[in-house]
Amino acid sequence: MKLITHNMLTSKCLKGVMTGYPLAINATDVKITEVDFNPEFITRVIPKLDWEVLWHAANSIGHSEGLPKSIEPKFEENEDFLKKAHKILLEVEIEEGHLTCPESGRQFPISKGIPNMLLTEAEVQ
Amino acid sequence: MSKRPEHQAPPEVFYNEDEARKYTQNSRIIDIQAQMTERCLELLLLPEDIPCLLLDLGCGSGLSGSVLEENGHMWIGLDISPSMLDVALERETEGDLVLADMGEGIPFKAGCFDGAISVSALQWLFNADKKSHRPVKRLYTFFSTLYASLSRSARAVFQFYPENESQLELLTTQAMKAGFYGGVVIDYPNSAKAKKFFLVLMTGGSGPLPKALGADEVEDNIQVKYARREAAKAARGKPLKNTKAWLLEKKERRRKQGKETKPDTKYTGRKRSGRF
Ligand SMILES: C[S@@+](CC[C@H](N)C(=O)[O-])C[C@H]1O[C@@H](n2cnc3c(N)ncnc32)[C@H](O)[C@@H]1O
């Protein structure tokens, strides 16, 4: 699971959960895969992100070094910033571990890089 | 026994390791899925030459996702079958994958995606695979959470295999209830082989439904028959209840029966409240 996905993923489908965001990350295996840098895509996606959540997610898996704590003004012209965003959003991947719902404490396992968000019949709204 | 996969077993059982591999290696399937994904993209009307973030619903082994990549987009895929997702991993697709049942809702926060596509998956939602499954409720949960996850003016386009007309009505009714507008576009309606159904859902603005391929003009009315409640009812020859046409017809009937009826004026059947 990439951090771009984590930045958007919630556990709000759980019965009784309101926002289910952000999910806490517990990672036992993190890998880096190289992805082509596409500044246009990164520029477009940044306004949709919760940057604070991104920074804390990166920090919780030991990848916050050098990552700005907030979006820099005029980031569209700042290639260094865009590259850092690119790396943390698309190249860092959580392979094994689990996510935890902030409201219910329900854990969602991540295995082979895929978070399992399937609910039990009793958990469905 | 029916040949439809969704009649045979729940999706996560039908698409087991064996089936997932067979499916993804079949060159005929690869071609068809690619073609239908291209058409979904076309119907999505994304801004030209801009890399977008798309959601692929029932992404399977990533045959549809590969086409999104070729077109320069990043995608996040959601599927209920672990075996299909395993094959997607083997194929090293660029999309990020989530194991989830779309009938339980789309687990993303508001306004994330520039658009959503779904190729050959939606018909599975008509199933009741568990005791607790109620298809109507699952469809509504699905559409309403999908609506929330899309950015404003984004579209969702589904290629799917409906079994009958009532499924089309059920789909459009639940989608409209969830806030979407749009309808079903039928490409090549006169060809048994090439005929394809696309549910095109829009979140904002008020564009007309896109034109179907391979349909002549007379047929156009039929193409978008599900686009609006009005059109669907009109096709059956009766005016839609509570519209001006319906009121006028009703008053005419009363007059013929000799009942006391107010004269028709320019106020007859006028809307009193805001627009739909
Ligand atoms: C015919 S495959 C299509 C896969 C891919 N879109 C393609 O074009 O090759 C249908 C997929 O829908 C998935 N599916 C069926 N029901 C689903 C559900 N309720 N939630 C998520 N995925 C589902 C199946 O697991 C399967 O991978």
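Per residue, how large is the accessible surface of segment B:1-68? Use a 1.4 angstrom probe and give square angstrom.
In whole numbers, segment B:1-68 has 50 Å² accessible per residue.
The helix-based estimate of mean residue ellipticity at 222 nm for chain A, built from -39,500 (n - 2.57) per DSSP H run of four or more residues and divided by its residue count, is -6000 deg cm²/dmol to the nearest 500. In the calculated pair-distance distribution of segment B:5-215, the portion above 21 angstrom amounts to 50 percent of the Cα-Cα pairs. Extents of the protein assembly as shown, largest first, come to 85, 53, 44 Å (Cα atoms, principal axes, whole angstrom).
Taken over segment B:58-158, the ratio of Cα radius of gyration to 2.2 N^0.38 Å equals 1.06. When the charge dipole of the protein assembly as shown is built from unit charges on Cβ atoms (+1 for Lys and Arg, -1 for Asp and Glu) and taken about the Cα centre, the candidate among B:Gly62, A:His63, B:Ala148 whose Cα reaches farthest toward its positive end is B:Ala148. Under the combined filter of DSSP loop state and at most 10 neighbouring Cβ atoms within 10 Å, segment B:141-194 retains these trypsin sites (Lys or Arg not before Pro): B:Lys193.
Normalised by the number of residues in segment B:72-167, the average gap of Cα pairs under 8 Å and 6 or more apart makes the relative contact order 32 percent. Across all Cα atoms of segment B:1-58, the radius of gyration (one decimal) and Dmax (whole number) stand at 15.1, 46 Å. Comparing the full protein assembly with the isolated chain (1.4 Å probe, heavy atoms, ligands and nucleic acids excluded), the residues of segment A:92-124 losing at least 30 square angstrom of accessible area are A:Lys112, A:Ile114, A:Pro115, A:Met117, A:Leu118, A:Leu119, A:Glu121, A:Val124. On the protein assembly as shown, 50 percent of the accessible area sits on carbon and sulfur atoms, based on a 1.4 Å probe. These residues, A:Asp36, B:Asp79, A:Asp29, go from largest to smallest accessible area, 1.4 Å probe, as A:Asp36, A:Asp29, B:Asp79. About its Cα centre, segment A:66-125 has a charge dipole of approximately 120 debye under the convention of +1 per Lys or Arg Cβ and -1 per Asp or Glu Cβ, with nothing else charged.
Each Lys and Arg contributes +1 and each Asp and Glu -1, all at the Cβ; summed about the Cα centre of segment B:5-215, the dipole is approximately 880 debye. For segment A:27-51, a decrease in accessible area of 30 Å² or greater in the assembled protein chains relative to the isolated chain, with a 1.4 Å probe, applies to A:Glu40, A:Phe41, A:Arg44, A:Lys48. Each Lys and Arg adds +1 at its Cβ and each Asp and Glu adds -1 at its Cβ; summed about the Cα centre, the protein assembly as shown shows a dipole of about 3920 debye.
The contact between chain A and chain B removes approximately 2700 Å² from the accessible area (both sides summed; 1.4 Å probe; ligands, DNA and RNA excluded).
Both radii come from the Cα set of segment B:1-123: Rg as radius of gyration, Rh as Kirkwood radius; their ratio Rg/Rh reads 0.95. The angle separating the long axis of helix A:51-60 from the principal Cα axis of greatest extent in chain A is about 70 degrees. Cα-based radius of gyration for segment A:3-117, normalised by 2.2 N^0.38 Å, reads 1.08.
The values are calculated or read from the model by the stated rules, or taken from the named source; none is laboratory data. The structure presented is a predicted model; accordingly, all values stated were derived computationally and were not measured. Because the Cβ atoms are built from the backbone with ideal geometry, glycine has one as well, and the counts that use them run over all protein chains shown. When the accessible area is computed, the model is the full protein with side chains, heavy atoms only, and any ligands, DNA or RNA have been set aside. Shrake-Rupley method; radii C 1.70, N 1.55, O 1.52, S 1.80 Å.
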